[in-house]
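The values are calculated or read from the model by the stated rules, or taken from the named source; none is laboratory data. This is a predicted model, so every value here is computed, not measured. Because the Cβ atoms are built from the backbone with ideal geometry, glycine has one as well, and the counts that use them run over all protein chains shown.
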Amino acid sequence: MSLLWNALALLAAYLIGSLSFAVIVSRVMGLSDPRQYGSGNPGATNVLRSGNKKAAALTLLFDLLKGLLPVLAVRLWGEPLGLDDTSAAWVGLAAFLGHLWPVFFRFQGGKGVATAAGVLLALNPLMGALVLGLWLAVAYFTRYSSLAALIASAAAPLLHAVGWGPNGATLAVLAMSALLVWRHQANIAKLLAGQESRIGQKSAAASVSPQPDTPADAHGAHRGPHGHHGHHGSHGHAPRPHGKKRH
């Protein structure tokens with residue numbers, strides 16, 4: 001019976017993780033799709049490039065919660081169903097995978113930094129706080145979100161193994177960290193080339209979603225350079241040729 005509950009918990013966590021809040025929040029607030037500008041990553045850092053801090057903050061919060069809540073639910077209510085802390089870690093990984101490959105958004109997901117932070121905070125608050133603190137410190141001093149994520153990702157499984165003993169949960173954390181690094185391949189190349197965008201750097205044409213041409217715009221497309229309709233002359237008549245002057 002516990003196997004069934006484990007499977008159901010994994011599926012539920014994946015579906016929750018598949019809610020791409022960067023896209024959802026951007027649509028609700030009338031912003032461009034974050035997959036169409038900046039890094040193309042549907043995450044809080046890229047939404048911040050739109051210049052809308054509120055949208056970025058909401059994206060960060062919801063992405064973190066969708067990793068935290070499934071794990072917390074298993075830890076609080078999973079024991080009678082045969083779910084332990086190892087089950088909670090793999091449920092967290094399922095939510096993380098949902099963020100990376102969301103079934104509701106054509107499997108075009110983000111890198112999962114905020115969702116991973118939520119998983120770690122729910123799995124072990126002290127470890128999660130240490131990893132999150134490391135991310136914040138690196139991000140603050142370097143202004144590179146990707147570099148902070150890479151360093152925090154490398155530290156997470158080591159902290160878990162040393163502080164809480166290598167076990168099944170450690171394997172889930174290790175898998176999540178490895179996927180995080182893998183998803184940052186393009187960022188690693190940009191960091192090495194000195195071309196990586198810094199936190200808060202705006203992206204052109206990202207603040208509002210593109211609107212279709214209005215009838216007035218379409219009508220104006222037929223106008224000439226001086227605002228008149230593209231007919232010859234001021235009254236729509238062609239100019240008369242001047243005849244030869246008679247002597």
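Taking the conditions exactly as written (among the aliphatic types (A, V, I, L, M), surrounded by 12 or more Cβ atoms within 10 Å (Cβ to Cβ), closer than 20 Å to GLY98 by Cα and modelled with pLDDT under 95), does ALA149 satisfy them or not?
yes
Do you know which residues across region 119-145 are closer than 24 Å to ARG198 by Cβ, of a type in the set (Gly, Ala, Ser) and free of Cβ contacts under 8 Å to residues at least 60 places away in the same chain?
Within region 119-145, GLY133, ALA137 qualify.
Every residue in region 94-118 that is under 24 Å from SER39 (Cα atoms), hydrophobic (A, V, I, L, M, F, W, C) and not in a loop (DSSP other than H, G, I, E, B), please.
ALA95, PHE96, LEU97, LEU100, VAL103, PHE104, PHE105, VAL113, ALA114, ALA116, ALA117, listed by residue number.
Of the conditions (1) surrounded by fewer than 22 Cβ atoms within 10 Å (Cβ to Cβ); (2) within 22 Å of the chain's Cα centre (by Cα); (3) of a type outside the set (Phe, Trp, Tyr), ALA95 fails just one. Which one is it?
If we test ALA95 against (1) surrounded by fewer than 22 Cβ atoms within 10 Å (Cβ to Cβ); (2) within 22 Å of the chain's Cα centre (by Cα); (3) of a type outside the set (Phe, Trp, Tyr), just (1) comes out false.
Which of (1) surrounded by 21 or more Cβ atoms within 10 Å (Cβ to Cβ); (2) within 16 Å of the chain's Cα centre (by Cα) is the odd one out, the single condition TRP182 does not satisfy?
Going through (1) surrounded by 21 or more Cβ atoms within 10 Å (Cβ to Cβ); (2) within 16 Å of the chain's Cα centre (by Cα) one by one, TRP182 breaks only (1).
Hey, could you check region 176-204 for residues that are modelled with pLDDT of 95 or more and touching a Ser or Thr at 6+ places or on another chain (Cβ under 7 Å) and say which is farthest from SER50 (Cα to Cα)?
SER177
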